[in-house]
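Down below is the structure, laid out as structure tokens.
The values are calculated or read from the model by the stated rules, or taken from the named source; none is laboratory data. As the structure is a prediction and not an experimental result, all values here were calculated from the model. Every residue, glycine as well, gets a Cβ built from its backbone with ideal geometry; the counts of neighbours run over all protein chains shown. Side chains included, ligands, DNA and RNA excluded: accessible areas come from the protein's heavy atoms. Shrake-Rupley method; radii C 1.70, N 1.55, O 1.52, S 1.80 Å.
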Amino acid sequence: MGKVITVASGKGGVGKTTITANVGIALAQKNFKVLLIDADIAMANLSLLLGMQASPITLHDVLVGESTVEDAIYEGPAGLNFIPSGLSLESYKRVDTERLEAVVKEVAPKYDFVLLDAPPGIEKNVMSSLAAADEILLITMPTSPSIADVLKTKIVGQRLGSNPIAVVVNFSMGEKGEIANEDIMKMLELPVYGTIPYDPEVRRSFMQQKVQPIILRKPSSPASIAMRKVAARVAGLKAHELTAPGKKQGFLSKLLAIFKIGKRKSK
Ligand SMILES: Nc1ncnc2c1ncn2[C@@H]1O[C@H](COP(=O)(O)OP(=O)(O)O)[C@@H](O)[C@H]1O
Ligand SMILES: [Mg+2]
């Protein structure tokens, strides 16, 4: 059964969608089977960020019962799968997110990781995203108001029976007034899975003619390196696997891996 991780925050604009897309790609580059779901059904923009075209069938159609979930799954970068949300206001009004959890449960067995890009706030649609999660990854800025918001989301998630596992600190500029990770950990009683620096390339990736998440466009930029570290923590990978840009396994490394397994078994 794939692990369902909801990426949530207090307010909008802290980097949930950016982190969902880039961490998702980083996991896919490590050969995990990944599904991203745009659960921000009112302000869908995960597909845009992934550089994908508008999709004919979306999560909206699935949630109103007009399409099967399989029909709403598309192929994205690095071989990941994703389910977009609809852009039409009309279909949004008809959507009931109460079915989200059932939809997620239906597809999760086929993947290693299902990442849900949650809407901001603690309204009903957010609660559905939190309730559908096995684990919640909270995104905050290193400022007190942002941390206070995320604490509320953490409490709501716990009340809904999900497990907030960790925090990612985004938009770090290394400025004096920023709250230190140590204090963030104490305030939220959660580990920090990574600090993503403010990196102008993140926004620039969105402004190119061909939109491409930063991890693909600038794999060696500071934010991309930080995203891969977060992905490694999410996947429970070891330290030496943290920073290298992901590669599909070549023939030789596959052979080597088989050889190593063989050796371990024969001991
Ligand atoms: N580390 C970062 N450095 C620079 N810009 C960032 C960073 N993370 C996110 N952004 C930008 O901030 C804006 C909000 O990010 P987004 O992922 O849409 O937030 P949310 O989904 O939480 O509303 C976007 O324009 C995005 O490109
Ligand atoms: Mg978003």
_Please list, in order, the residues from the stretch 29-54 whose amide nitrogen is less than 20 Å from a point placed 7 Å along the Cα→Cβ vector of GLU135._
29-39
*Roughly speaking, what is the stretch gain from GLN208 to SER67, that is 0.36 nm per residue apart minus the C-alpha to C-alpha distance, in nm to one decimal?*
47.5 nm
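By the scheme Lys and Arg +1, Asp and Glu -1, what is the net charge of all other residues having a beta-carbon under 15 Å from that of LEU46?
-3
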_Computed [θ] at 222 nm, helices only, for the chain once each DSSP H run of length n ≥ 4 contributes -39500 (n - 2.57)_ = -12000 deg cm²/dmol
*Do any GluC sites (Glu not before Pro) in the stretch 55-105 lie in a DSSP loop with no more than 13 other beta carbon atoms within 10 Å, and if so, which?*
GLU66
*Would you kindly state how much longer the chain becomes between LYS110 and ALA148 on full extension, computed as 0.36 nm times their sequence separation minus their alpha carbon distance, in nm to one decimal?*
10.1 nm
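Could you state the accessible area per residue of the chain in Å², with a 1.4 Å probe and every protein chain left in place?
50 Å²
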*Taking the Cα centre of the stretch 1-122 as origin, work out the dipole magnitude from +1 charges on Lys and Arg Cβ and -1 charges on Asp and Glu Cβ, in debye rounded to 20.*
440 debye
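Can you work out the FRET efficiency for the pair GLU175 and GLU123, with r the C-beta to C-beta distance and R0 = 35 Å, to the nearest 0.05?
0.65
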*Counting Lys and Arg as +1 and Asp and Glu as -1, each charge on the Cβ, what is the dipole of the stretch 3-266 about the Cα centre in debye, to the nearest 20?*
1320 debye
*How big is the C-alpha Rg of the stretch 3-266 next to the rule-of-thumb value 2.2 N^0.38 Å, as a ratio?*
1.00
_Taking the Cα centroid of the stretch 87-132 and of the stretch 24-68, what is the distance between the two, rounded to the nearest whole Å?_
11 Å
*Where in the chain are the DSSP H helices whose C-alpha atoms run 18 Å or more along the long axis and whose mean Kyte hydropathy is at least 0.5?*
16-29, 222-235
_Distance in nm between pseudo-label sites at ARG99 and ILE155 (7 Å out along the Cβ direction from Cα)_ = 3.4 nm
*Picking from GLY51, VAL107, ILE25, whose Cα lies most toward the positive end of the charge dipole for the stretch 3-266 (charges on Cβ: Lys, Arg +1; Asp, Glu -1)?*
ILE25
*Return the carbon/sulfur percentage of the accessible area of the chain, one whole number, probe 1.4 Å, all protein chains in place.*
57 percent
*asked:* Which order do you get for SER55, SER88 if you rank them by accessible area with a 1.4 Å probe, largest at the top?
replied: SER88, SER55
